[in-house]
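See structure below.
Every read-out reported here was derived from the displayed coordinates using simple, explicitly stated rules and does not represent laboratory data. These figures come from a predicted structure and were not determined experimentally. Here Cβ is always computed from backbone atoms with ideal geometry, including for glycine, and neighbour counts include all displayed protein chains.
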Amino acid sequence: MGAIPEDDTCSIARSLGVLGERWTLLIIRDALEGFTRFQEFRRSLGVAADVLTARLAMLVEHGVMTKVDYQEPGERRRSEYRLTEAGRELYVVLSALQQWGDRHVPADAGPSLKRVDVETGASVHVGFVGDDGMELPPARVELRPTESYSPLRRRLHEERQARAGSR
């Protein structure tokens, strides 16, 4: 099962510790589409039961999903898995992956889903939006180290900037 690196200050590395294993993002994709039950995920993904159990447990452990028991008449108690607010926030992440895949590894038949504004039906895309509400092209966005940036990564960042400045 995935693990969050204990001493890693990188948000991407920590996120991948929770989300980076095979099947995990596809489980979240299905949950965003409304799937909640173990057998729904299993049928959709074709994943082995033990793998699905482990991935769901990890998502619950890290607060991406919550496990809720239910019982239908005449059946044994079962569990549903519902996205938490943290899990629902992954919608934009999966939309960005979908957008990238549509553009860079397209299916022969074209996109299977499109992103649209529910009120107008107009197409939408994932992008960077400033505090003023204006969209910025990716070339205008950079990642700047903060005080919590790891010393090793800071040194590598500074070396790369020094090389770039000497060109």
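Estimated from the Cβ-Cβ distance and a Förster radius of 25 angstrom, the FRET efficiency linking Glu75 and Ala54 is about 0.55. Which shape class applies to the range 68-111: rounded if a/c is under 1.5, otherwise prolate when a/b exceeds b/c and oblate if not, where a ≥ b ≥ c are the square roots of the Cα gyration tensor eigenvalues? Since a/c reaches 1.5 but b/c is at least a/b, the shape of the range 68-111 is classed as oblate. Just to be sure I understand: with springs between alpha-carbon atoms less than 10 Å apart, which residue in Ala139, Ala48, Ala107 has the highest mean-square fluctuation in the Gaussian network model of the chain? Looking only at Ala139, Ala48, Ala107, the largest GNM fluctuation is found for Ala139. Only Cα pairs under 8 Å and 6+ residues apart enter the sum, and on that basis the relative contact order of the chain stands at 16 percent. Name the shape class, rounded, prolate or oblate, that the alpha-carbon gyration tensor gives for the range 1-119, where a ≥ b ≥ c are the square roots of its eigenvalues, rounded holds for a/c under 1.5, and otherwise prolate holds if a/b is larger than b/c and oblate otherwise. In terms of gyration-tensor shape, oblate. Here the range 59-167 yields Rg over Rh of 1.13, to two decimals, using C-alpha coordinates and the Kirkwood radius.
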